[in-house]
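The block underneath contains the structure these notes are about, expressed in structure tokens.
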Amino acid sequence: MVEYSPEPPRTLAIDIGGSGIKMMVLNLVGEPLTQRARVETPQPATPELVIAAVSELARQQGEFERVSVGFPGVVVRGVTKTAVNLHPEWLDLDFAGKLSHQLGKPVRVANDADIQGLGAISGHGVEFVITLGTGIGTALFLNGRLVPNLEGGHHPFRKGETYEQQLGNATLEKIGKKRWNLRLEKALKTLHRVLNCDRIYLGGGNTKKINFELPNFIEIIPNVTGILGGIRLWESDL
């Protein structure tokens, strides 16, 4: 029997999105110790404004000893390399270092889809994660091992446009749910044929807009998965 404990190290798990910043404190086995808190992502989403918003929300979360962050872009050893849906000032920024200095705690940062996957996967076979939100995030795992910084959302999909251009939130609002669902269904079939994956996990706020029947190898995961994956980030070699 697993014994749940609020003892340290407690992890402040943060998910930064194009529209919202979410966080909660977790114990060692991933049980929430606080309620999930959320604020709107500042606009413009510069590092200075986002870090200030994160710091303010973190002060309301009580005690924690370490921090994990899911970030919507490529992250290499805590340095943000891309941030298409945030601001150009994020390029080549030591985000982990800056946030650690601000919060006074050790910080690990990884791509948000990678962290969603860490919280969702079974660890067996080829597993693929797609996040449907402001943009499109992807993560690929083989027997629980991550292929890091896979930016599948920026790969060409149809009519000279990428998956993100065809399926991102701006396009959903422009073309409506019916056409968006037709595109998504086609995209999932294409990706499954290319990757021959055992499981596909769909996360992100726009999963609630899906209105077609999914095959049994595709699973919708709740938004909280991206936060719960923060525990596994500290157990991984990312």
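The values are calculated or read from the model by the stated rules, or taken from the named source; none is laboratory data. The structure displayed is predicted, hence computed values, not measured ones. Using ideal geometry, Cβ is built from the backbone for each residue, glycine included, and neighbour counts are taken over all protein chains shown. The accessibility values were calculated without ligands, DNA or RNA, using every heavy atom of the protein model including side chains. Shrake-Rupley method; radii C 1.70, N 1.55, O 1.52, S 1.80 Å.
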Give the number of residues within segment 143-169 that are closer than 18 Å to Thr82 by Cβ and of a type in the set (Gly, Ala, Ser).
-> 3
Scanning segment 188-238 for residues that are β-branched (Val, Ile, Thr), in a loop (DSSP other than H, G, I, E, B) and under 16 Å from Asp114 (Cα atoms) gives Ile221, Val224
Contact list, first residue from segment 100-112 and at pLDDT below 95, second anywhere and in a strand (DSSP E or B) and open to solvent by 50 Å² or more (accessible area, probe 1.4 Å), beta-carbon distance below 6 Å, six or more apart or interchain, is none
State yes or no: is Ile14 crowded, with 18+ Cβ neighbours inside 10 Å, in a strand (DSSP E or B) and without any contact (Cβ under 8 Å) to a residue 60 or more places away in the chain?
-> no
Looking only at segment 28-46, which residues are among the polar types (S, T, N, Q) and open to solvent by less than 70 Å² (accessible area, probe 1.4 Å)?
-> Thr34, Thr41, Thr46
If you go through segment 187-210 one residue at a time, do you hit one that is under 22 Å from Ile231 (Cβ atoms), open to solvent by less than 20 Å² (accessible area, probe 1.4 Å) and aliphatic (A, V, I, L, M)?
-> yes
